[in-house]
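The values are calculated or read from the model by the stated rules, or taken from the named source; none is laboratory data. Worth saying up front: this structure is predicted, and the values here are computed from it rather than measured. Every residue, glycine among them, receives a Cβ derived from its backbone with ideal geometry; neighbour counts consider all protein chains shown. Side chains included, ligands, DNA and RNA excluded: accessible areas come from the protein's heavy atoms. Shrake-Rupley method; radii C 1.70, N 1.55, O 1.52, S 1.80 Å.
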Amino acid sequence: MRGPHQLEFRETAQSPRPRPAGPPGFEHAPPDPDRVLRPGHEGNRWRPEAFAAGDPAARERLAARVVEGGLAVHDTLREQLVELLETREPARELEPAELGERLAAHLEGAPLAHHGTWFLYPWSRRVVHVLPEDEFRELRASRNRNKISSEEQERLRALRLGVIGLSVGSASAVALAMEQVGGELYLADHDRLSLSNLNRLRAGVHEIGLPKAVLTARAIAELDPYLRVRPFLDGITDGNMDAFLRPGGRPLDLLVEECDDLYVKVRVREAARALRIPVLMETSDRGLLDVERFDLEPGRPVLHGLVGAIDAERLRGLDTSEKVPIVLRILGERSISPRLAASLVEVKATLKTWPQLASAVSLGAAVVTDAARRIALGQLTSSGRFYVDLDELVRDGAGAALPGLQDPPPAQVEAACAAAPAPVAPMVVRSRAALDAQRVRELVWLATLAPSGGNCQPWRFSWDGKRLRLVHDAARSRSFLDHRDLASWLAFGAAVENVALAAAAMGLDAAVELRPDPGDPAAVCDLRFAATGGAAPASVVALAAAIPERVTNRKLAPRAPLARHAHDLLLRVAAEVPGAALHLVEDPERLAALGEVLGRGDRLRFLSRTMHREMMGELRWSAEEARATRDGLDVATLELSGADQAGLRVMSSWAAMELVGRLGGGRALEKPAARAMAAASAAGLVSVPEHTREAYFAGGRAMQRVWLQATVLGLAFQPMTPLTYLFARLASGGGEGLTPAEATTLRELRGRLDRLFPDARGRGEPMLFRLAVAPPASARALRRGVEEVLEVDPSAETRAGPLRAAPFTSATHRRAG
């Protein structure tokens, strides 16, 4: 006769066993239901039997058991091993042939059937083949990384945990086992499964009547047969409490208490406090988690003193009516949910006992497991009560504000300026004509269309009727990358180049005097204008006309080679700035190598607290936010897919990036640069003779000419220059603000970049960028209005001085466009 839970089963793994012959006529007589359908005895077995697959004698014993007992065989070892090998090399897609070679090498010539361990589960009549313990644990924990590091996982596996009360506690025990929080689990409950328990316990109707401790131990064994589990089927008693809390004479590392017995609830805490064992309790109401760190606070009153000075012995003689007030104090009569409060009133009236829901038990298991993990890792050190109250957290009106799902990118014309003046039409100003304030505003507007790091726009202008002064607005450029203001002076050079080109298109020559006021270090330069007496060259007019069209274009398209005439034009316009040079890389292999270098730099920036904060501070996550500030980078300009933008939001969390860094991760942060270079026609580096502000100012002028020429040629231009400013900090700033590890990485990348651009070795590097053939940009960064950046002397509004040539000095650069 089979047991009550085995009325029907698969006889063998391959084919049914022949039935033994019965008495004559048996095959025609129906069985007596009253004789057949009677419960048998299944027993309380909960530990699977292990058979080493590499031991011939063990395999023979197991084979005999399979045939003799009609056991079902489950062998997915090859799939497990393939997954293990793939997990170890996540960046590779192993071809079948290569995978076969890896499998053979891993097995070292042994047959696959001899690898790992067979486990026989007597209660389910199954035999299962799994990986060896170390490989099994590695693969089973692979999806925990990087939320749990490998080192943290090893620490967690060394824990010994106890769970008392397996109605609510069963879910916690299984969750702890799933997450591999604890290498030894001790389970205590004297109760057996009833049908009403199935509203919150994961079990089957065939298991009604079995001890809850056995059911939980079986569930754990079926997900991890190597995990050491010991159930106490009598629950916790005075006789076994010490053995439970101190197995082998050593205290547990943590106790989860979920029992209903008030005496046990208090008594076990008294014992845990004496042994300095932390205790967790989850009440399945309002997500209440109770934490008592007796390991850190051995004098702490049990249950936070909520039950007063009462001890466990005094609870023995109390009747139910006397216990109710104590239970309410433990739960918190003023903080329990209205539904539980209402239910308590009905207990022993319309309800047999208080209600518990599967959702609350599951939430409690998650909260307990999370807290246990963090306590073990030293990440949660306080005692107290914590609520994960879904009624409060998830309710109408409490949802987090969400941006529009389809924020339309700002129109391209708006990016230049909402109410910007029309582009300056080419004109000739006669030698004695006046430059009025309105024309100055047009020049300043064009100046503000220059690029700047993070679109910070670090400039202010003033016009007194004779000269236009550019002033450094230092409050807008306090960036880690703006070492010694070099990035700001690059932007100043680009802005001045815009003015010079636009003035030339008007028939004016712009004379630039650097550092015009020794008493004012913020004064960058003065510009004075004089009539040239003739029209500007067509090439200059074309560059000036491209100023409002210039844009950062990060769109990716299949690589197209850089045309020869484009190559020559770009080199020429850069060389027109004294001391500046442009270096181009067009070979695909060298571009790929540059992508690796830039990707490493991007990863370094994301994993630096300072640079991460500044990067995220530059972003404008919606069109509305971009219009409100008119600075920073509209995320629409980053040309991200929906998935990539979601990923960027995840990466905007420094807590997440800090953990990535601590775990040695972040390789995915390198991929965007590699993809960008894979689509590039060329990479360009503008270099200057020195690492000085004046040299970077000239570099800004050269960069702007190259960028405008690329715009005229229809090429996409994307700056990729943060790394060169980190190099500048390393070289001229002694690596100030960099960690030793960051400095070491930068020195390595410095050498690799020098090999890619050998002609620029030792020179200043104000701009590194990529060129590509790509569709138009989806959006462009906005600019502050002219009225915010330009101060006009009131007298200059009505006075327009004659245009005359400015005298040349050693600090003056005179150029027409």
Inset, instruction - Output ³J(HN,Hα) for region 206-219: one whole-Hz value per residue in order, computed from phi by the Karplus curve 6.51 cos²θ - 1.76 cosθ + 1.60 with θ = phi - 60°, and x for Gly and Pro. - result: 6, 9, 4, x, 7, x, 4, 5, 5, 4, 5, 4, 5, 4
Legend entry - HIS304 accessible area, assembled protein chains, probe 1.4 Å, Å²: 40
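In whole percent, what relative contact order does region 158-277 give with Cα contacts below 8 Å and a gap of six or more residues?
Numbers: 194 pairs, mean separation 40.8, N = 120.
Once normalised by length, the contact order is 34 percent.
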Legend entry - Read-out Cα extents along the principal axes in Å, derived from the coordinates shown; its label in (i) 126, 67, 51; (ii) 81, 67, 58; (iii) 131, 71, 55: (i)
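Sort 277-284, 627-634 for me by packing, meaning the mean count of neighbouring Cβ atoms within 10 Å per residue, highest on top. All intermediate terms of the calculation are to be shown ahead of the outcome.
Numbers: 277-284: 24.2, 627-634: 17.0.
Those peptides, ordered most packed to least, come out 277-284, 627-634.
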Inset, instruction - Could you calculate the contour length gain from GLN645 to ILE208, that is, 0.36 nm times the residue separation minus the distance between their Cα atoms, to one decimal place in nm? - result: 152.3 nm
Legend entry - Under 5 Å, built H, 5+ apart or other chain: amide partners of CYS525: LEU470, ARG515
Inset, instruction - For the chain, give the percent of accessible area contributed by carbon and sulfur heavy atoms, probe 1.4 Å, rounded to a whole number. - result: 54
Inset, instruction - Order the peptides 684-690, 198-204 from the highest to the lowest mean number of other Cβ atoms within 10 Å of their residues. - result: 684-690, 198-204
Legend entry - Radius 9 Å from Cβ of SER172, net charge of other residues (Lys, Arg +1; Asp, Glu -1): -2
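Only four residue types carry charge here, +1 at the Cβ of Lys and Arg and -1 at the Cβ of Asp and Glu. Report the dipole size of the chain about the Cα centre in Debye, rounded to the nearest 20. Don't skip to the answer; put the middle values down first.
Values: 105 positive and 105 negative charges, 260 e Å.
So the dipole magnitude of the chain works out to roughly 1240 debye.
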Inset, instruction - Express the relative contact order of the chain as a whole percentage, based on alpha carbon pairs under 8 Å and six or more residues apart in sequence. - result: 12
Inset, instruction - Any lysines with Cα under 30 Å of the LYS671 Cα? List them, leaving off those in the same chain fewer than 8 positions away. - result: LYS147, LYS555
Inset, instruction - Please sort by residue number the GluC sites (Glu not before Pro) in region 461-568 whose DSSP state is loop and whose Cβ has at most 16 other Cβ atoms within 10 Å. - result: none
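If each residue of separation counts as 0.36 nm, what is the full-extension length gain between GLU658 and ALA474 once their alpha-carbon separation is subtracted? Kindly include the intermediate steps, with their values, before the conclusion.
Working: separation 184, 0.36 × 184 = 66.24 nm, distance 2.92 nm.
Additional length available on full extension: 63.3 nm.
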Legend entry - Spin-label model distance (nm) - VAL67 vs ARG157, 7 Å beyond Cα toward Cβ: 3.7
Inset, instruction - Starting from the amide H of ARG620, placed 1.01 Å from N in the peptide plane, find each other amide H under 5 Å away whose residue is 5 or more places distant or on another chain. - result: LEU633, ASP634, VAL635
Inset, instruction - Rounded to whole Hz and in sequence order, give me ³J(HN,Hα) for region 66-77 from the Karplus expression 6.51 cos²θ - 1.76 cosθ + 1.60, θ = phi - 60°, writing x for Gly and Pro. - result: 4, 5, 5, x, x, 8, 7, 10, 10, 10, 10, 4
Inset, instruction - Using the Kirkwood radius over Cα pairs, work out the Stokes-Einstein diffusion coefficient for region 42-140 at 4 °C and 1.567 mPa s, in µm²/s as a whole number. - result: 88
Inset, instruction - Using the Karplus curve 6.51 cos²θ - 1.76 cosθ + 1.60 with θ = phi - 60°, work out ³J(HN,Hα) for each residue of region 288-296 in order, rounded to whole Hz, and write x for Gly and Pro. - result: 6, 10, 10, 10, 10, 8, 5, 5, 9
Inset, instruction - Sequence neighbours fewer than 8 away in the same chain don't count; with that in mind, list the lysines whose C-alpha is under 24 Å from LYS265. - result: LYS212, LYS323, LYS348, LYS352
Inset, instruction - Return a whole-number percent for the relative contact order of region 130-198, with Cα pairs under 8 Å and 6 or more residues apart as the contact set. - result: 34
Inset, instruction - Mind checking which of GLY601, LEU619, PRO689 is farthest towards the positive end of region 564-772's charge dipole, using Cβ charges of +1 (Lys, Arg) and -1 (Asp, Glu) about the Cα centre? - result: GLY601
Inset, instruction - Could you check the simple spin-label distance between GLU586 and LEU393, using points 7 Å along Cα→Cβ, in nm with one decimal? - result: 5.8
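Assigning unit charges at the beta carbon (Lys, Arg +1; Asp, Glu -1) and nothing else, what dipole magnitude in debye, to the nearest 20, does region 42-140 show about its Cα centre? Walk me through the numbers before you get to the answer.
Values: 13 positive and 19 negative charges, 122 e Å.
That gives a dipole near 580 debye.
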Inset, instruction - Find the eigenvalues of the gyration tensor of the Cα atoms of region 564-772, then list the square roots of 5 times those eigenvalues as equivalent ellipsoid semi-axes, largest first, in whole angstrom. - result: 28, 21, 17
Inset, instruction - Would you calculate a helix-derived [θ] at 222 nm for the chain, using -39,500 (n - 2.57) for each DSSP H run of n ≥ 4 and dividing by the full residue count, to the nearest 500? - result: -12000 deg cm²/dmol
Inset, instruction - Arrange the peptides 354-360, 756-762, 596-602 so that the one whose residues have, on average, the most other Cβ atoms within 10 Å appears first. - result: 596-602, 354-360, 756-762
Inset, instruction - Run the quick spin-label model on ARG484 and GLU736: label points 7 Å from Cα toward the beta carbon, then report their separation in nm to one decimal. - result: 1.0
Inset, instruction - Sort out for me the Cα centre separation of region 244-280 from region 152-193, rounded to whole Å. - result: 14
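Could you rank LYS555, LYS147 by how accessible they are, 1.4 Å probe, largest area first?
On the way: LYS555 55, LYS147 175 Å².
The most accessible residue leads, giving LYS147, LYS555.
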Inset, instruction - Set Lys and Arg Cβ to +1 and Asp and Glu Cβ to -1, take the dipole of the chain about its Cα centre, and tell me which of ALA538, GLY100, GLY454 lies farthest positive. - result: ALA538
Inset, instruction - Mind checking the per residue accessible area of the chain for me, 1.4 Å probe, whole number of Å²? - result: 48
